[in-house]
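The values are calculated or read from the model by the stated rules, or taken from the named source; none is laboratory data. As the structure is a prediction and not an experimental result, all values here were calculated from the model. Cβ: placed from backbone, ideal geometry, glycine included. Neighbour counts: every protein chain shown. Accessible surface areas use protein heavy atoms only, side chains included; no ligands, DNA or RNA. Shrake-Rupley method; radii C 1.70, N 1.55, O 1.52, S 1.80 Å.
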Amino acid sequence: MKYLSALAATIFALAIWQAIVSLTGLPKFILPGPALVAETWWQNRWLIAEHTWITAIEVVIGLAFGTILGVITALQLANSRAARVLVQPMLVFTQALPVFALAPLLTLWLGYGLWSKVAMAVLIIYFPITSSFFDGLMRTPSGYLDLARTMQASPRAVLWHIRIPAALPSLASGMRLAAVYAPIGAVIGEWVGSSQGLGYLMLLANGRAKTDLMFAAMLTLGVFSIVLHMIIRRATARMAGEMR
Amino acid sequence: MTPAPDLIVKGKASIDGATLFAPLTLTLGAGQWTCLLGGSGVGKTTVLRLIAGLNTGAVFTGEIMASDGQPVTERVAYMAQDDLLLPWATVAQNVSLGARLRGEKPDLARRDRLIERMRLQEHLGKKPSELSGGQRQRVALARTLMEDRPIVLLDEPFSALDARTRADMQDLAAEALQGRTVLLVTHDPGEAARLGQSITVMTQHGLTPCNPPHAPAPRHVDDLETLATQGALLRMLREGAA
Ligand SMILES: Nc1ncnc2c1ncn2[C@@H]1O[C@H](COP(=O)(O)OP(=O)(O)O)[C@@H](O)[C@H]1O
Ligand SMILES: [Mg+2]
């Protein structure tokens, strides 16, 4: 049923797309129809696969680093009032900055290769991971803390046996958000300066008025993001709910 | 377990400058069940949490001491209406939580004996969400017993259970906690009449003692004197004691 409705929605979207192309009669370098994009995608499947692979590596490494950094930061913040006072305002302030404005700087610092894109993905997911896990750590049901107190638990043991497990569902929702943001981060990085990856391919196709290839790359990115989100969803299912 | 001491709570409490309870003295007899009965909002939970050394919204002036002069808070076990079972941990892990939180090795043989005593042996590896309300409270009781503390503080632990399960739990708890200094906070006159070896009614006007029935606790639910006491307690509650 779920798959059926997804299929129906896809067909509906394709139909609207085709209708717009047919009704407006726009030239194909402005708006190519779905049939043409599909054809282009098939003809360039190896090219697209190659660039998808590059982007995927950036995203996965970025997700791993971003999650680790976010988890460590959240634990530090939850553990120390000083860290909360000193670091939290800074974290919030960085969120007010447009991250993509940093992309050229990252390229300058880290070069054209993989790491400037990884850094971009990390930057963009670091905050959602940190803040969701931190919130979870600070919202431990007070009854558990009371119980632990009467048991003479050390703060460390409370963190490890109660606060962290109780915060895992929050961390899971942060990671699910991150799965959506990380590809955006990597593509922004590629956009600013690179010679590989889906972002690069989109920019290149656009520059050469190969709008059909640009669409094919963009749709591939969309499908990649959805698949990634589904994988992370499944991977975090135990953390998120089954234990409740 | 050290021998159970008398426990004396002497003092007054206020919340944001308003009196919660005027100066009072509550004595919990050594090795006895004391039932503190009162309507909601009179400050029963506050008294219990003060003894346990937990945060309350109230400012307490006075003292809480044990007859043997030893510190109180590290000798209490605490059980509330909410069973406070960790949903991600199994029954067995929940029962031995205290040891894990103190970084000690849990006495597994003792844990298994307690689990058996609470008739939970088939549920050892289950998560709390797979248990009924009564079973969950039995796990909480096993966890409380596992702590093996001379002072046990019970904050309406049975009030969310259905009548039959509640009566079963009362019997089980009365038997299992024998010999400890127990404070049972409750709003249920029937519960106080069944379990109290000493019964105190708490209202806005203060504490009023009430003679418990003569039969040893836990008393039968249809014991006449127990029913009479239940009635008398309810009348005191309604009239605001005084
Ligand atoms: N943490 C708190 N902060 C402020 N007021 C509180 C807090 N806890 C309880 N109170 C108030 O103190 C009064 C007594 O509460 P409590 O001891 O829980 O009563 P009881 O257990 O008899 O129902 C109530 O009026 C309640 O609103
Ligand atoms: Mg209460």
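Among the residues here, B:PRO216 qualifies as open to solvent by 60 Å² or more (accessible area, probe 1.4 Å) and either away from every other protein chain (no Cβ under 14 Å) or more than 16 Å from ligand 2 (Cβ to nearest atom) (or both).
Among the conditions (1) surrounded by 23 or more Cβ atoms within 10 Å (Cβ to Cβ); (2) more than 14 Å from chain A (Cβ to nearest Cβ); (3) within 16 Å of ligand 1 (Cβ to nearest atom), B:ARG138 misses just one, which is (3). Residue pairs whose Cβ atoms lie under 6 Å apart, separated by 6 or more positions or on different chains, with the first residue in region B:94-121 and away from every other protein chain (no Cβ under 14 Å) and the second among the charged types (D, E, K, R) and part of a helix (DSSP H, G or I), are B:MET118/B:ARG138; B:LEU120/B:ARG138.
Could you identify the single residue in B:ARG238, B:ARG194 that is crowded, with 22+ Cβ neighbours inside 10 Å, free of Cβ contacts under 8 Å to residues at least 40 places away in the same chain and of a type in the set (D, E, K, R)?
Sole residue among the options that is crowded, with 22+ Cβ neighbours inside 10 Å, free of Cβ contacts under 8 Å to residues at least 40 places away in the same chain and of a type in the set (D, E, K, R): B:ARG194.
Within region B:37-58, residues that are farther than 15 Å from B:ALA192 by Cβ sit with their Cβ atoms under 7 Å from residues that are among the charged types (D, E, K, R) and open to solvent by less than 30 Å² (accessible area, probe 1.4 Å), at 6+ positions apart or across chains, in these pairs: B:THR45/B:ASP155; B:LEU54/A:ASP146.
Contact annotation: residue pairs with Cβ atoms under 7 Å, 6 or more positions apart or on different chains, pairing a residue in region A:80-97 that is on the phi < 0 side of the Ramachandran plot with a partner that is modelled with pLDDT of 90 or more, are A:ALA83/A:GLN76; A:ALA83/A:LEU77; A:ARG84/A:LEU77; A:VAL87/A:LEU77; A:GLN88/A:LEU77; A:LEU91/A:PHE127; A:LEU91/A:THR130; A:GLN95/A:PHE127.
Note on region B:18-44: among residues that are open to solvent by 50 Å² or more (accessible area, probe 1.4 Å) and of a type in the set (S, T, N, Q), the one that is farthest from ligand 1 (Cβ to nearest atom) is B:GLN32.
None of A:GLY222, A:GLY189 is surrounded by fewer than 22 Cβ atoms within 10 Å (Cβ to Cβ), away from chain B (no Cβ under 14 Å) and on the phi < 0 side of the Ramachandran plot except A:GLY222. Note on region B:146-172: residues that are hydroxyl-bearing (Ser, Thr, Tyr) and either more than 16 Å from ligand 2 (Cβ to nearest atom) or more than 12 Å from the chain's Cα centre (by Cα) (or both) amount to 1. Of all the numbered requirements in (1) farther than 22 Å from B:VAL72 by Cβ; (2) among the acidic types (Asp, Glu); (3) more than 16 Å from ligand 1 (Cβ to nearest atom), B:GLU191 misses one, and that requirement is (3).
Scanning region B:59-86 for residues that are more than 13 Å from ligand 2 (Cβ to nearest atom), open to solvent by 60 Å² or more (accessible area, probe 1.4 Å) and in contact (Cβ under 8 Å) with a residue 24 or more places away in the chain yields B:VAL59, B:THR61, B:GLU63, B:MET65, B:SER67, B:ASP68, B:GLN70. Being open to solvent by 80 Å² or more (accessible area, probe 1.4 Å) and under 30 Å from A:ALA167 (Cα atoms): is that true of A:LYS2 here? It is true that A:LYS2 is open to solvent by 80 Å² or more (accessible area, probe 1.4 Å) and under 30 Å from A:ALA167 (Cα atoms).
All conditions but one from (1) within 14 Å of ligand 2 (Cβ to nearest atom); (2) modelled with pLDDT under 90 apply to B:PRO3; the one that does not is (1).
Against the conditions (1) under 15 Å from the mean Cα position of the chain (by Cα); (2) within 16 Å of ligand 2 (Cβ to nearest atom), B:ARG143 satisfies every one except (2). So is B:ALA228 under 30 Å from B:ALA22 (Cα atoms), without any contact (Cβ under 8 Å) to a residue 40 or more places away in the chain and either more than 16 Å from ligand 2 (Cβ to nearest atom) or not aliphatic (A, V, I, L, M) (or both) or not? In short, yes.
Where helices (runs of 4 or more DSSP H) sit wholly within region A:23-110, those with at least 2 residues that are aliphatic (A, V, I, L, M), in contact with a helix residue (DSSP H, G or I) (Cβ under 8 Å, 6 or more places away or on another chain) and open to solvent by 40 Å² or more (accessible area, probe 1.4 Å) occupy A:34-43, A:45-79.
Tallying residues that are under 18 Å from the mean Cα position of the chain (by Cα) and not polar (S, T, N, Q) within region A:107-127 yields 13. Return a yes/no flag: does region A:159-181 have any residue that is within 14 Å of chain B (Cβ to nearest Cβ) and among the charged types (D, E, K, R). Within region A:159-181, one or more residues are within 14 Å of chain B (Cβ to nearest Cβ) and among the charged types (D, E, K, R).
Here B:VAL72 fulfils each of the conditions (1) at pLDDT 90 or above; (2) within 15 Å of ligand 1 (Cβ to nearest atom); (3) aliphatic (A, V, I, L, M) apart from (2). Taking strands (runs of 3 or more DSSP E) as the structural unit, those lying wholly within region B:1-86 and holding at least 1 residues that are among the aromatic types (Phe, Trp, Tyr) and within 14 Å of chain A (Cβ to nearest Cβ) correspond to B:76-80. When region B:184-211 is limited to residues that are closer than 22 Å to B:LEU141 by Cβ and away from ligand 2 (no atom under 16 Å from the Cβ), the one that is farthest from the other protein chains (Cβ to nearest Cβ) turns out to be B:ALA193. With surrounded by fewer than 24 Cβ atoms within 10 Å (Cβ to Cβ), under 13 Å from A:HIS51 (Cα atoms) and in contact (Cβ under 8 Å) with a residue 12 or more places away in the chain as the only criterion, which of A:SER195, A:SER170 stands out? Of A:SER195, A:SER170, the one residue that is surrounded by fewer than 24 Cβ atoms within 10 Å (Cβ to Cβ), under 13 Å from A:HIS51 (Cα atoms) and in contact (Cβ under 8 Å) with a residue 12 or more places away in the chain is A:SER195.
Provide a single number: the residues in region A:145-160 that are surrounded by 21 or more Cβ atoms within 10 Å (Cβ to Cβ) and assigned to a helix (DSSP H, G or I). Residues in region A:145-160 being surrounded by 21 or more Cβ atoms within 10 Å (Cβ to Cβ) and assigned to a helix (DSSP H, G or I): 3 in total.
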